[in-house]
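Taking it in order: structure first as structure tokens, then the write-up.
The values are calculated or read from the model by the stated rules, or taken from the named source; none is laboratory data. None of these values were measured; they are calculated from a predicted model. Every residue, glycine among them, receives a Cβ derived from its backbone with ideal geometry; neighbour counts consider all protein chains shown. Areas reflect the complete protein model, heavy atoms only, side chains present, ligands, DNA and RNA absent. Shrake-Rupley method; radii C 1.70, N 1.55, O 1.52, S 1.80 Å.
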Amino acid sequence: MNAEKLKKILADHKVWVESDYQTGKRADLNGADLRYANLRGADLRDANLTGADLYDANLTGADLYDANLRGALLSRALLNGANLTGADLRNAHLNGANLRNADLSLALLNGAVLEGANLSGADLTAAHLRGADLRNADLRGADLEGADLTGAHFELEFKSVYNFSNTIFSEAAIPWVILNPRWSEYADTVTFV
């Protein structure tokens, strides 16, 4: 997508959001080629980015609250400090993405590929991560309180998770979860299915 067209879409979307959805136009970037795009600090609340290719894009500090990123390609994207609260990231590819200190609370990440992603300090409170691939992800200091990790794939990196009270895991995760140094603190609140 050329820069002028993207600039117009973002401007119309900003008017749409700021007018409480009365004027302007919702950003529809369904399937858009946004590889390497600089969207640092962009306001993309409620935007449609379904299946968009955001490979290696810079979304640092972007506001993607309730955005639809279902099936989007976000491999190696910079999303540090981004607001992804309530975003739909089901089946999205975030392998190698930088989500350090991102807010992913209430996000839908079922089936998402987060292999090798940096989730250090990320807020994943009440996030849905059923069947997500978290292998080799950096979860140091991540907050997983109330998250659903049923069928999620992860390894020893789970030892550094900050908070996992009221979290749901598959029984296959028991060996990894009980290795967390804070296991005894959360044992009574964790559910295995």
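Do you know which residues across region 13-55 are surrounded by 15 or more Cβ atoms within 10 Å (Cβ to Cβ) and on the phi > 0 side of the Ramachandran plot?
Gly24, Asp46, Gly51
Being within 19 Å of Arg76 (Cα to Cα), out of contact with any Phe, Trp or Tyr (no Cβ under 6 Å at 6 or more places or on another chain) and either of a type in the set (S, T, N, Q) or not in a strand (DSSP E or B) (or both) is the requirement here; does Glu145 meet it?
Criteria not met by Glu145.
Would you pick out the residues in region 129-142 that are crowded, with 21+ Cβ neighbours inside 10 Å and either more than 23 Å from Tyr55 (Cα to Cα) or touching a residue at least 40 places away in the same chain (Cβ under 8 Å) (or both)?
Residue satisfying the conditions is Ala142 alone.
Applying the selection to region 69-82, what residues are open to solvent by 20 Å² or more (accessible area, probe 1.4 Å), closer than 19 Å to Asp28 by Cα and either in contact with an Asp or Glu (Cβ under 9 Å, 6 or more places away or on another chain) or not in a loop (DSSP other than H, G, I, E, B) (or both)?
Arg70, Leu73
Quick check: is even one residue across region 87-95 in a strand (DSSP E or B), open to solvent by less than 60 Å² (accessible area, probe 1.4 Å), in contact with a Leu (Cβ under 9 Å, 6 or more places away or on another chain) and charged (D, E, K, R)?
yes
Please verify whether Leu104 is within 20 Å of Tyr55 (Cβ to Cβ), aliphatic (A, V, I, L, M) and either without any contact (Cβ under 8 Å) to a residue 60 or more places away in the chain or in contact with a helix residue (DSSP H, G or I) (Cβ under 7 Å, 6 or more places away or on another chain) (or both), treating the condition exactly as stated.
On the way: within 20 Å of Tyr55 (Cβ to Cβ): yes; aliphatic (A, V, I, L, M): yes; either without any contact (Cβ under 8 Å) to a residue 60 or more places away in the chain or in contact with a helix residue (DSSP H, G or I) (Cβ under 7 Å, 6 or more places away or on another chain) (or both): yes.
In short, yes.
What pairs can you find where one residue is in region 33-53 and closer than 15 Å to Val17 by Cβ, the other is open to solvent by 70 Å² or more (accessible area, probe 1.4 Å) and not in a strand (DSSP E or B), and their Cβ atoms are less than 7 Å apart, with a gap of 6+ or different chains?
Asp43/Lys14; Arg45/Tyr65; Asp46/Arg26; Ala47/Arg26; Asn48/Arg26; Asn48/Asn30
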